[in-house]
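> Input: one structure, supplied below.
The values are calculated or read from the model by the stated rules, or taken from the named source; none is laboratory data. Since the model is a prediction, treat every value here as computed from it, not as a measurement. Cβ placement follows ideal geometry from the backbone for every residue including glycine, while neighbour counts extend to all protein chains displayed. For accessibility, only protein heavy atoms count, side chains too; no ligands or nucleic acids. Shrake-Rupley method; radii C 1.70, N 1.55, O 1.52, S 1.80 Å.
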Amino acid sequence: MLLLAVALGQQLFFQRSNPIETNILALLPENRQDPVAQQAFDHVAKSMSNKVIFLLGSDDADNMLAAADAFDSALHTSPLFSKITAKVPVDTQQAWGELYFPKRFQLLTADQKARLTLHPEQQTQYVIQSLYNPFSGVTGQELASDPFLLFRDYLSQLTKQTGNFSLNKGYLTTQYQGKQFVLISADLADSPYSYQLQQQLPALLNIEQGIRDTYKVELLHTGVVFYAEHGTESAKSEISTIGVGSLVGVILLLLLVYRSPLPLALALLSIGCGLLAAFVGTVAIFGKVHLFSLVFGASLIGVSIDYAFHFLTDRLAAGNSWHANKGLKQIFTAITLGLITSLIGYLGMLIAPFPGLQQLSLFSAIGLVAAYATVVCWYPVLAAKPSQSRPLPLTRAMHAWLALWQQPLFRKGLPTLLLSLALVGLYHVEYNDDIRQLQALPQELKQQEDTIKAITGLSSSQQMLVVTANNQQQLLQNLESVSNTLTQFQHQGVLKGFQSISQYLPSEKTQRQNHELIQHLYQQQGAVLAQSLPTAGQAKLEHDFSPLTIAQFIDSPVSEPLRFLWLGKLANQQHAAIIMLSDVADIAPIIDFAEQSATVSYLNKADEVSALFGEYRVRVTELLIAASLVIMAVLWWRYDFTRAVRLMLPPVIAGIVGIGVTSLTGVPLNLFNLLALILILGIGIDYTLFFAEQHQADTTLLSITLSAMTTLLSFGLLALSQTQAIHSFGITVLTGIMVAWLLAPLSMSPANTSSSTKEHNA
């Protein structure tokens with residue numbers, strides 16, 4: 001334990017990174033089918049998760065810009081951000097012209113291409129109409145550099161694609177419902193899941209409130225960091241509630257029953273050793289331990305208190321005749337079998353390739369082994385002296401309960417009644433494997449995100465297409481082809497919009513086709529235009545084809561907000577890019593399109609992992625059945641077949657009741673309800689094993705009653721969690737453990753029950 005304590009100190013204080021992981025994505029398995037898709041998701045997640053968007057709104061544009069100035073200055077004093085983009089720099093504004101203008105004779109919109117292909121004379125008419133329109137703003141300089149006025153429409157289309165914004169005194173501004181809004185974005189200085197960074201958010205909220213109070217403006221924000229901070233605080237709060245609740249419950253029970261500080265100290269020692277060993281072991285193997293594993297794992301280790309209760313209750317019952325080594329020997333078989341059956345259940349989860357499940361499994365297994373070793377090695381030494389002699393509490397009630405189990409009608413009636421009620425619940429079972437249940441989204445943050453999306457048109461959707469090719473130019477051509485299909489889907493109402501590099505950079509092939517069309521226009525319509533505009537000479541195209549390359553585009557400041565769409569060359573030597581989809585109304589046609597293409601794949605991490613949750617729910621069900629059969633085999637080896645069945649029946653019925661009751665509460669089931677069944681199986685088998693190995697039924701009943709009460713305290717509090725997955729887990733365990741406790745005496749033979757009661761009556 002001293003070595004483990006030293007290792008804990010090293011992990012907490014000498015490691016560069018925090019050993020506690022809070023990123024919910026770390027619980028998830030990597031994409032198994034497509035490493036390109038996984039790389040694409042990581043790229044997008046890294047690019048988008050560090051962004052924070054602010055929106056300031058006011059009825060008065062000048063007041064809004066003054067507030068934006070003050071907010072920009074205040075943000076620069078915050079260590080939260082590495083970069084703040086408030087005013088668009090002048091060089092960035094000029095960059096659009098610098099990048100595209102020299103290439104203007106090979107850039108066309110889709111409408112221009114159609115016009116130049118079918119009716120090039122219409123472009124000449126367009127120029128003439130624009131010249132005679134006093135509001136067109138055509139200058140002699142523009143006419144000299146672009147006689148057919150093609151570039152102004154191309155640039156106008158690019159501007160529309162960048163969003164609903166226009167420049168006002170250097171700021172990106174827009175109007176929404178009569179109000180003026182200004183957009184400010186910032187890049188975090190660290191990961192949004194960094195605990196140190198999240199601790200600085202209250203200072204940011206103070207800055208925001210100060211701006212609201214001073215300028216009377218609306219100030220909204222959105223970003224992954226706000227959700228991550230809420231998740232961290234919720235988990236901390238729930239850990240504190242569960243931990244404190246369990247601890248207070250255990251302390252009160254121990255003081256009420258044993259009336260001595262020694263049992264309390266011994267129980268805390270075994271739990272503490274279990275937690276210490278589990279934390280150090282998990283961090284040593286995985287590098288970090290996830291907060292989610294800590295929440296569940298800390299509760300599972302509470303199971304280890306069972307071993308302490310049996311030892312301490314035997315000591316209390318023995319009074320002055322207590323002999324520590326004999327006491328340990330009496331419970332040794334039962335707690336060893338209990339540990340083995342629990343490990344069969346927990347370690348079975350290691351097979352599931354979910355990092356979260358593997359951590360939870362290992363954390364619980366190491367903790368249980370450490371707690372078991374503490375009881376076996378230290379308890380006989382530390383509790384060698386007998387306790388003060390006093391009668392066991394609740395003796396009369398316990399004997400009355402055990403007497404009921406002498407009645408054949410009761411032995412058959414109670415399990416049958418509970419099973420019948422559970423079957424009603426099973427009939428209404430529904431499953432929901434949506435991973436979004438794992439994190440309760442605060443309504444206030446969600447409303448801000450929706451409002452920002454409505455005002456700006458910026459989407460935080462994680463639905464995307466990954467497009468691949470053997471080289472850059474082929475990739476741009478593939479992107480153009482996919483964009484054409486998506487544009488058709490847009491017209492059909494399948495989706496509202498999408499964002500692709502090809503919307504800003506045509507492939508070299510397309511640029512060459514555009515250049516040929518423009519060349520043809522000059523040859524065919526140059527003289528016609530000259531006749532219509534006698535002051536100008538005949539327009540001639542004197543620019544040779546010189547393609548705009550991907551390298552030029554990526555190096556330009558113009559591409560900065562779009563660079564995350566370009567994945568470049570991947571490890572498999574393929575070139576890849578992403579197309580982000582927004583406001584998808586019907587995903588089926590898009591998925592069908594992706595499945596029919598060898599170079600396009602649809603990626604939605606949340607849906608993908610939700611599907612995996614469903615798959616692993618089935619996998620865990622199979623593991624649970626396999627674990628039950630292995631435990632049954634162990635019990636058959638230890639006892640006879642009939643008795644083994646009698647030992648298995650209570651936890652099996654308890655599990656069915658747990659699922660049935662959870663279903664009757666209207667909560668859809670998921671993977672975590674099946675994890676609850678593993679816990680019920682492990683604890684329920686413990687209860688029946690102790691009755692099977694008991695030498696004194698009343699001490700065994702008192703021990704498992706104390707154990708059940710502490711377990712119910714822990715998992716009953718889990719049912720209060722705001723996260724639906726944890727809430728339903730808590731309900732399943734709560735009801736399952738209650739039924740396992742109720743039915744545990746079923747494992748005793750009627751003769752033993754009768755004998756115990758007769759002894760008491762005598």
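> Please work out if Thr700 is hydroxyl-bearing (Ser, Thr, Tyr) and closer than 29 Å to Gly425 by Cβ.
No: the conditions fail for Thr700.
> In segment 378-393, how many residues are closer than 22 Å to Ile335 by Cα and surrounded by 12 or more Cβ atoms within 10 Å (Cβ to Cβ)?
Count: 9.
> Restricted to segment 322-339, and to residues that are more than 42 Å from the chain's Cα centre (by Cα) and not aliphatic (A, V, I, L, M), which residue is most open to solvent (accessible area, probe 1.4 Å)?
Lys329
> Scan segment 211-242 for residues that are at pLDDT 90 or above and open to solvent by 30 Å² or more (accessible area, probe 1.4 Å) and jot them down.
Selection gives Arg212, Asp213, Thr214, Tyr215, Lys216, Glu218.
> Take segment 649-666 and flag every residue that is open to solvent by 20 Å² or more (accessible area, probe 1.4 Å) and farther than 12 Å from Leu681 by Cα.
Scanning segment 649-666 gives Val661, Leu664, Thr665, Gly666.
> Just to be sure before I move on: is Ser481 open to solvent by 60 Å² or more (accessible area, probe 1.4 Å) and modelled with pLDDT of 90 or more in the structure I sent?
yes
> Please return the ranges of helices (runs of 4 or more DSSP H) entirely within segment 328-443 where 1 or more residues are hydroxyl-bearing (Ser, Thr, Tyr), at pLDDT 85 or above and over 26 Å from Leu294 (Cα atoms).
Because the criterion is at least 1 residues that are hydroxyl-bearing (Ser, Thr, Tyr), at pLDDT 85 or above and over 26 Å from Leu294 (Cα atoms), the helices (runs of 4 or more DSSP H) in segment 328-443 that meet it are 355-382, 408-427.
> May I pose another question? What is the residue count in segment 212-271 for residues that are in a helix (DSSP H, G or I), over 35 Å from the mean Cα position of the chain (by Cα) and hydroxyl-bearing (Ser, Thr, Tyr)?
3
> Taking the condition in a loop (DSSP other than H, G, I, E, B) and either β-branched (Val, Ile, Thr) or in the same structural domain as Gln330 (by the TED database) (or both), does Val667 pass?
The answer is yes for Val667.
> Could you grab me the full set of residues in segment 82-114 that are aliphatic (A, V, I, L, M), surrounded by 14 or more Cβ atoms within 10 Å (Cβ to Cβ) and either on the phi > 0 side of the Ramachandran plot or modelled with pLDDT of 90 or more (or both)?
Of everything in segment 82-114, those that are aliphatic (A, V, I, L, M), surrounded by 14 or more Cβ atoms within 10 Å (Cβ to Cβ) and either on the phi > 0 side of the Ramachandran plot or modelled with pLDDT of 90 or more (or both) turn out to be Leu107, Leu108.
> Suppose we keep only residues that are touching a Ser or Thr at 6+ places or on another chain (Cβ under 7 Å) and open to solvent by 20 Å² or more (accessible area, probe 1.4 Å) within segment 678-697. Which one would you say is modelled with the lowest pLDDT?
Gln694
> Okay, next question. Scan Tyr193, Tyr176, Tyr171 and give me the residue that is in contact with a helix residue (DSSP H, G or I) (Cβ under 8 Å, 6 or more places away or on another chain), open to solvent by 60 Å² or more (accessible area, probe 1.4 Å) and in contact (Cβ under 8 Å) with a residue 40 or more places away in the chain.
The match here is Tyr176.
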